[in-house]
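The values are calculated or read from the model by the stated rules, or taken from the named source; none is laboratory data. For clarity, every value in this text was computed on a predicted model and none was experimentally measured. For neighbour counting, all protein chains shown are included, and Cβ atoms are generated from backbone atoms with ideal geometry for every residue, glycine included. Heavy atoms of the whole protein, side chains included, go into the accessibility calculation; ligands, DNA and RNA do not. Shrake-Rupley method; radii C 1.70, N 1.55, O 1.52, S 1.80 Å.
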Amino acid sequence: MLGPDNNETSTGETILEIDLSALENNYRYLVSHIAPGTRFMAVVKAFAYGSEAARIALKLQELGADYFAVAYTNEGVALRDAGISRPILVLHPQPISYKTIIARCLEPALYSENLLQGFAKTARDEGQKEYPVHLKFNTGLNRLGFNPEQAGKIASEIKTIPFLRVASVFSHLAASEDPAEKEFTEGQLRSFARVCISVEKELGYRPLRHLLNTSGILNYPDHQYDMVRSGIGLYGFGNDAVYDSKLTPVASLKTVISQIHEIGAGESVGYNRAFRASTPVRTATLPLGHADGIGRQYGQGKGYVTIHGKRAPIIGNVCMDMIMVDVTGVDCREGDEVVVFGKESSADLLAAAAGTISYELITGISQRVRRKIIS
């Protein structure tokens, strides 16, 4: 029998393939749903949803993305270091990072009076004039944001601060992917429209306005305003089977069979003897585990991998660095390639099998997993 060194179909190790052509497909599909002149903000927080932020952002900048969004300041700094020159919105700035934000030409989202006053003081102390900031309003997600009823007051206050200028006004839809919540979403749309009117009236100029996320772009195209934002759609997920068929997953997690065991009836597999064979079972051990982002919730038969087109359920408890799968009836050998998720085996389906969502699965892939860029 040939060993793994002679198996040309094997990845040889656990890798996360990042397909930049898939990214381009997704970007162009989303852009095709927005009006000419509408700007596009690419959300690349959390290592570009668990992939590779620098390479993803550079490709999107090349394709024409107008803005980038990250969650935290250090993510924006990493993009600047990688060569991103487009504006970068920091969605959740922390006071300790205000000076860094200014030094690296990042643009903070201000969502409370404390942030507004604190950043204004830093901008003054750093000798800034009309530094670009973004005002976030809470229209129903109830996570971050100014009260919409205070929109006029906040705008009037900023107008008196020469160190700041409002680059955009925005909010965040809570359930744009859910048809059952259409009435709620329409309420958010109306609330945001009122915010925009109040802010523009008090400022005396019109900042950029943006509200739609990926599902908003696809389901509420009449509310694009000046810019739209997309995160999950860029990475191949449309939150709807119809849209998923038009998008291509950017990331594919692959690994390799390390060892195969023949387990007799009555024998157990893994920690705590969590799997006990009632009949003879053939198992394969794979070199990835919960330290790589495959959590314990995928064990006990809930999760699965794909080997030569056949599903192999994860048995027993997921270990830190390994999982064991049932390959009874699967024609495979040590060294063969294993697909955890990718284009043909969706992260959506794997996540759903364990009672979670693709966002959690793909963003949780550990940085110790080697990234392989495919152009």
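The figures follow:
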read-out: Matching residues, region 339-375, being in a loop (DSSP other than H, G, I, E, B), over 20 Å from V70 (Cα atoms) and under 13 Å from the mean Cα position of the chain (by Cα); value: I357
read-out: Residue list for region 273-331, filter: under 31 Å from the mean Cα position of the chain (by Cα) and of a type in the set (V, I, T); value: T285, I294, V305, T306, I307, I314, I315, V318, I323, V325
read-out: A109 open to solvent by less than 10 Å² (accessible area, probe 1.4 Å) and among the small types (G, A, S); value: yes
read-out: Helices (runs of 4 or more DSSP H) wholly inside region 178-286 that include at least 1 residues being closer than 25 Å to F40 by Cα, among the charged types (D, E, K, R) and touching a Ser or Thr at 6+ places or on another chain (Cβ under 8 Å); value: 241-244
read-out: Criterion: under 20 Å from A351 (Cβ atoms), open to solvent by less than 20 Å² (accessible area, probe 1.4 Å) and either in contact with a Cys (Cβ under 7 Å, 6 or more places away or on another chain) or among the charged types (D, E, K, R) (or both) - qualifying residue of I294, I307; value: I307
read-out: Out of Y243, Y271, sole residue that is crowded, with 16+ Cβ neighbours inside 10 Å, of a type in the set (F, W, Y) and free of Cβ contacts under 8 Å to residues at least 60 places away in the same chain; value: Y243
read-out: Condition met for V318 (at pLDDT 95 or above, closer than 28 Å to N239 by Cβ, touching a Ser or Thr at 6+ places or on another chain (Cβ under 8 Å) and not in a helix (DSSP H, G or I)); value: no
read-out: Test set (1) open to solvent by less than 20 Å² (accessible area, probe 1.4 Å); (2) farther than 17 Å from A354 by Cα; (3) not polar (S, T, N, Q) - I323 fails condition number; value: (2)
read-out: Residue check for S168: hydroxyl-bearing (S, T, Y), surrounded by fewer than 20 Cβ atoms within 10 Å (Cβ to Cβ) and either closer than 26 Å to H92 by Cα or within 21 Å of the chain's Cα centre (by Cα) (or both); value: no
read-out: Scope region 349-372; condition touching a residue at least 60 places away in the same chain (Cβ under 8 Å), open to solvent by less than 50 Å² (accessible area, probe 1.4 Å) and under 16 Å from V250 (Cβ atoms); matching residues; value: S358, L361, I362, G364, I365, V369, R371
read-out: Test: residue in region 136-143 that is open to solvent by 60 Å² or more (accessible area, probe 1.4 Å) and within 17 Å of G216 (Cβ to Cβ); value: yes
read-out: Matching residues in region 40-62 - criterion: being under 16 Å from A82 (Cα atoms) and more than 15 Å from the chain's Cα centre (by Cα); value: L58, K59, Q61, E62
read-out: Every residue from region 171-202 that is buried (at least 19 other Cβ atoms within 10 Å of the Cβ), in contact with a strand residue (DSSP E or B) (Cβ under 9 Å, 6 or more places away or on another chain) and not small (G, A, S); value: H172, F192, V195, C196, V199
